[in-house]
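Here's the structure we're looking at; comments come further down.
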Amino acid sequence: MTVLRKIVPYPLLSLLILALWLALNNSIGPGQMLLGAVVAVLVTRLTAQFWTDRPKLVRPLLAIRLFLVVIIDILVANWKVAYRVVGPLDRLRADFVDIPLDIRDPFVATILGGIVSLTPGTVSVDIDRDRWTLKVHGLDIDDRDEMVRRIKARYEAPLREILSC
Amino acid sequence: MVEFGISLLVLLGAAFALLGSVGLARLPDIFTRLHGPTKATTLGVGALVTASMLHSLSSGGGLSLRELGITLFLFITAPVSAHMIAKAAAKSDK
């Protein structure tokens, strides 16, 4: 087991890369399996020093729920932002908002930043690791406090539960 | 009927890719401009990729998972590049 652990230091990540390799090649033939396995092991070994200690995934079902929530938010927010992009630009209230974080883990904070950027209308600008705030740029902000509350309740709270941090 | 759905998805994807570009061209500064491309990559590519999977399924090509890989890559890389551009712009403003 320890020998195996040495050859494949990140088994889950390797599996994910293998699955991705097979998906991109649209084939589960033995040749692609072997090639994908070699790539999966090599990539994880070569990038090993970039991987910090990550918090454990403790609530996988909640993770799926959060994933669906993000997808739905992307669908809804896209329409709102599309409407603003073609509308009169001088009515936009674009501004920066600092969101105080409860997360104290750089990896999880990065995931939150990614979610914020993917949902249209907001782009993450900076993660301040001294004060633990996430600087966000909003395209059209109605109510700052409401936006902060929404991001914290909708994304940050479930993320903290999922990854126990 | 399936063809109709596929066409609708292709049109929707193209429309949002176009809207993303319109946003990039019309919006006044670098931060607001960043908002355009996030739309193109999320809903635009999402719709096109779904259309591609549906087409492959209905034309007897079997379930194609390649599209899911493309979506995953885009969803991981798009926010990172947007974040880096925004961060660089914010830092150079000071």
*Relative to the longest principal axis of the C-alpha atoms of chain A, give the angle of the C-alpha long axis of helix A:30-46, reported between 0 and 90° and rounded to the nearest 10°.*
70 degrees
*Radius 11 Å from Cβ of A:ASN26, net charge of other residues (Lys, Arg +1; Asp, Glu -1)*: 0
*Summarise the accessible area of chain A (1.4 Å probe, protein heavy atoms) by the percent that is carbon and sulfur.*
64 percent
*asked:* Taking the square root of 5 times each eigenvalue of the Cα gyration tensor, what semi-axes in Å does the equivalent ellipsoid of region A:41-86 have, largest first?
replied: 34, 18, 9
*asked:* Would any residue of region A:132-160 have its amide N under 13 Å from a label point 7 Å out along Cα→Cβ of A:ARG59? List them or say none.
replied: A:153-160
*When you look at the Cβ of every residue in B:74-87, what mean number of other chain Cβ atoms sits within 10 Å?*
5
_Per-residue mean of C-beta atoms belonging to partner chains within 10 Å, peptide B:28-37_ = 5
*Divide by every residue of chain B the summed helix terms, -39500 (n - 2.57) for each DSSP H run of at least 4, and state the resulting mean residue ellipticity at 222 nm, rounded to the nearest 500 deg cm²/dmol.*
-26500 deg cm²/dmol
*Is there a simple number for the mean count of other chain Cβ atoms within 10 Å of the Cβ of residues in A:111-121, and what is it?*
5
_Where B:MET1, B:MET53, A:MET33 fall by accessible area, highest first, once all protein chains stay in place (1.4 Å)_ = B:MET1, A:MET33, B:MET53
_If you build the convex hull over the alpha carbons only and average its shadow over all orientations, what do you get for region A:2-51? Give it in nm² to one decimal._
3.5 nm²
*Using only alpha carbon positions, build the gyration tensor of chain A, then give the equivalent ellipsoid semi-axes as the square roots of 5 times its eigenvalues, largest first, whole angstrom.*
36, 20, 14
*Name the residue, out of A:ASP102, A:ASP90, A:ASP142, whose mean-square fluctuation peaks in a Gaussian network model built on chain A with Cα pairs under 10 Å.*
A:ASP90
*asked:* From Cα pairs below 8 angstrom and at least 6 apart in sequence, can you work out the relative contact order of region A:60-163, rounded to a whole percent?
replied: 34 percent
*Compute the accessible area per residue over chain B, keeping the other protein chains in place, probe 1.4 Å, unit Å².*
54 Å²
_Given an 8 Å cut-off on Cα distances and at least 6 residues of separation, report the relative contact order of chain B as a percent._
28 percent
*Longest site-free stretch - chain A; sites: trypsin sites (Lys or Arg not before Pro), DSSP loop, at most 16 other Cβ within 10 Å*: A:1-55
*Taking only Cα atoms and a 10 Å spring cutoff, compute GNM fluctuations for chain A and point out the largest among A:THR44, A:THR119, A:THR133.*
A:THR44
*Accessible surface buried upon A-B contact (total; probe 1.4 Å; Å², nearest 100)*: 2800 Å²
*Using a basic spin-label model with each label point 7 Å from the Cα along Cα→Cβ, how many nm lie between A:THR47 and B:MET84?*
1.3 nm
_Contour excess over end-to-end distance, with Cα ends at A:ARG149 and A:ARG104 and 0.36 nm allotted per residue_ = 14.4 nm
*Does chain B come out rounded, prolate or oblate, given a ≥ b ≥ c as the square roots of the eigenvalues of its C-alpha gyration tensor, rounded meaning a/c under 1.5 and, failing that, prolate meaning a/b above b/c?*
oblate
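The values are calculated or read from the model by the stated rules, or taken from the named source; none is laboratory data. Quick caveat: nothing in here was measured; it's all calculated off a predicted structure. Virtual Cβ from ideal backbone geometry, glycine too; neighbours counted across all protein chains shown. Surface accessibility is based on the protein's heavy atoms, side chains included, excluding ligands, DNA and RNA. Shrake-Rupley method; radii C 1.70, N 1.55, O 1.52, S 1.80 Å.
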